[in-house]
Amino acid sequence: MSPLRANYGWGRFLGDCAGGVIAALIALPYGLALATAMGLPPVLGIFTSILTAPVISLMGRNPVLIGGTASATVPFMAVAARAGGVAGAARLSILASVILIGFGFLRLGRYITRVPHAVVTGFSCGIGGMMLVSQLDIMFGVASPLTRSAGSAIGQLMAVLHHLGDVRAVPLILGVSVIVAATVAARLSHHAPAPLIGVALAILIGRFFGFHTKEVGALPAMLPPLAGISWNFREVLAAMPSAAGLAFVSAVNILITSRVVEHFRGRHQRMKPGDADAELSAYGTANILGGLFGAPPSVGIPARSLAVVRCGGTTRIANLMHALFLVGILWLGSGVVERIPIPALAGVTAWMGLCLLDWSAWRRLPKMSRVDASAFLATAIAVMATNAVLAVGIGCSIYGLAWLYQRRLRPSPVPDLQVP
C-alpha cells in the first residue's frame with residue numbers, strides 16, 4: 001500500500017472536498033467572465049476546468065495546482081475568436097498546447113522559470129489594465145463594434161472615452177456593485193468566493209429595482225459539440241506566432257503559480273527541473289482535449305489553488321472535486337446562472353483586472369533598480385499598447401541590453417608586458 005493510501009482518511013478527504021467546493025465557486029464567475037471577454041460562449045470558460053481537471057490530476061506534478069481559464073490568455077484568445085470564431089480560438093489553443101508539450105519534451109520548463117520577476121510582474125499589471133479597459137464599454141453601456149474592434153487596450157480606452165456622453169446607468173450600477181462587493185468580501189475573508197458574492201448582489205439589485213439588461217442566457221449542461229476546426233495550412237502558419245506566444249505565457253503562468261502554491265504550503269524549495277517539464281506536458285495534453293470542444297486553455301490559477309490549500313486540500317482529489325462540483329452547478333443551478341447580467345460579469349473581469357494591477361509593485365517601483373523598473377514599466381505599457389507576445393520580448397530585451405552595456409563598460413584585461 002502506498003504512503004498516500006495509508007495516510008489518506010476522512011479528514012483529508014473532507015479537506016479535499018471543502019477545497020474543491022470553494023475552487024468551484026471561485027471558478028464559476030471567473031470562467032463565465034473570461035470566456036465572455038474572449039468573445040466565446042460563456043459556458044466554455046467553465047468547461048475548461050471540467051474537461052482538463054481529470055488529465056491534470058492524473059499527469060500533473062503539483063497535486064493542488066488547480067487549472068482553469070486565466071486572464072493571461074485573454075488577449076491571444078480574443079484576437080483568434082474575433083478572426084475565426086470558436087473554431088479559430090480552438091485551433092490556436094490546440095497549437096499552443098502542442099508547443100507546450102514540446103517545451104516539456106525539450107526540457108525547456110527549467111529555463112522558462114528564469115524569466116525575470118520584473119517582466120512577469122509588469123506583464124501581470126499590463127494584463128490587469130487591459131482587462132479593466134476591455135470591460136468599460138459593457139459597464140458603461142456603450143459597447144459597439146467600434147469599441148470592440150480597437151487594436152489595443154489604449155485604442156479601446158480612447159473609443160470608450162469618445163462615447164462617455166452615452167453612458168447608461170443600469171449597466172454601470174450593476175458592474176460597480178460587483179466590484180465594490182467583491183473588494184469588501186475579499187478584505188473580510190480570504191476564504192470567501194468574492195466575485196460570486198459580487199455577482200449575487202448584482203442579481204439581487206437587478207431584481208429589486210426591476211433593471212433589465214442582457215443576461216448570460218441558457219447554459220447547456222451537456223458536453224459542448226466539437227469545435228469543427230479547419231486545419232488549412234495557411235491558417236495554421238498564420239496562427240503559429242500567436243500560438244508560440246500563448247504557449248510561452250501559459251508556461252510562465254503555470255510554473256510561477258506552482259512555485260507560489262508550494263511556497264504557501266510551506267515547501268520553499270525550487271521545483272525540480274523534471275517536475276517543471278512534466279507539468280507543462282500535463283497541461284498541454286489536457287488543453288488539447290479542451291481545445292477540441294472549443295474550451296479556452298487551462299493554466300494554473302493562484303486564487304483557486306490557494307483556496308484549496310486554505311481549506312485543507314492536500315491531494316489530486318481536490319482538483320477532481322472542483323470539476324465535479326462545477327458539473328453539479330451546471331446541472332442543478334443552470335436556471336440561476338443563466339440569469340446573471342452581462343454587466344455583472346464585466347464587473348467580475350474589471351475587478352480581476354484591478355487585482356492584477358498589483359499596487360504593491362507600483363509602490364516598490366522607486367526602490368527597484370533602474371533595469372528592473374525599466375523592464376517592469378516597458379512590459380506593462382507594451383501589453384496595453386501592442387500585444388502580449390511583443391510585451392514579454394520587450395521586457396526581456398531590456399535585460400539583454402543592460403548586460404551588453406555592462407560588458408562594454410567592463411575594462412579589458414591588460415596583457416602582461418614581457419621584459420626582455
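So, Ser71, is that one touching a residue at least 12 places away in the same chain (Cβ under 8 Å), surrounded by fewer than 24 Cβ atoms within 10 Å (Cβ to Cβ) and among the hydroxyl-bearing types (Ser, Thr, Tyr) or not? So Ser71 passes the test.
Just to be sure before I move on: is Leu204 more than 25 Å from the chain's Cα centre (by Cα), of a type in the set (A, V, I, L, M) and modelled with pLDDT of 90 or more in the structure I sent? Even if it seems obvious, please write down each step before you answer.
Working: more than 25 Å from the chain's Cα centre (by Cα): yes; of a type in the set (A, V, I, L, M): yes; modelled with pLDDT of 90 or more: yes.
Criteria met by Leu204.
Can you tell me which of Gly15, Gly39, Gly31 is farther than 28 Å from Ala87 by Cα and not aliphatic (A, V, I, L, M)? Only one candidate qualifies: Gly15.
For the subset of the stretch 331-369 comprising residues that are polar (S, T, N, Q) and under 21 Å from the mean Cα position of the chain (by Cα), which member is nearest to Gly31 (Cα to Cα)? Residue satisfying both the conditions and the ranking: Thr349. State whether the residues of the stretch 349-358 include one that is at pLDDT 90 or above and within 25 Å of Ile94 (Cβ to Cβ). No, that holds for no residue.
Taking Leu32 and the conditions (1) more than 26 Å from Glu262 (Cα to Cα); (2) at pLDDT 90 or above, which numbered condition does it fall short on, given that it satisfies the others? For Leu32, the exception is condition (2). Against the test of being within 29 Å of Asp166 (Cβ to Cβ), out of contact with any Lys or Arg (no Cβ under 6 Å at 6 or more places or on another chain) and modelled with pLDDT under 90, the options Gly129, Gly85 yield a single qualifying residue, Gly129. In this entry, Thr48 passes the filter for residues that are part of a helix (DSSP H, G or I), polar (S, T, N, Q), crowded, with 24+ Cβ neighbours inside 10 Å and touching a Pro at 6+ places or on another chain (Cβ under 9 Å).
Only residues that are surrounded by fewer than 17 Cβ atoms within 10 Å (Cβ to Cβ) and under 22 Å from Leu357 (Cβ atoms) were counted in the stretch 152-163, giving 4. Among residues of the stretch 96-116 that are touching a residue at least 60 places away in the same chain (Cβ under 8 Å) and at positive phi, those with a beta-carbon under 8 Å from a residue that is in a helix (DSSP H, G or I) and crowded, with 17+ Cβ neighbours inside 10 Å at least six positions away or on a different chain give the pairs Arg107/Asp277. The set of residues from the stretch 177-202 being surrounded by fewer than 17 Cβ atoms within 10 Å (Cβ to Cβ) and either assigned to a helix (DSSP H, G or I) or without any contact (Cβ under 8 Å) to a residue 12 or more places away in the chain (or both) comprises Val180, Thr183, Val184, Arg187, Leu188, Ser189.
The values are calculated or read from the model by the stated rules, or taken from the named source; none is laboratory data. As the structure is a prediction and not an experimental result, all values here were calculated from the model. We place every Cβ from the backbone using ideal geometry, glycine too, and count neighbours over all the protein chains shown.
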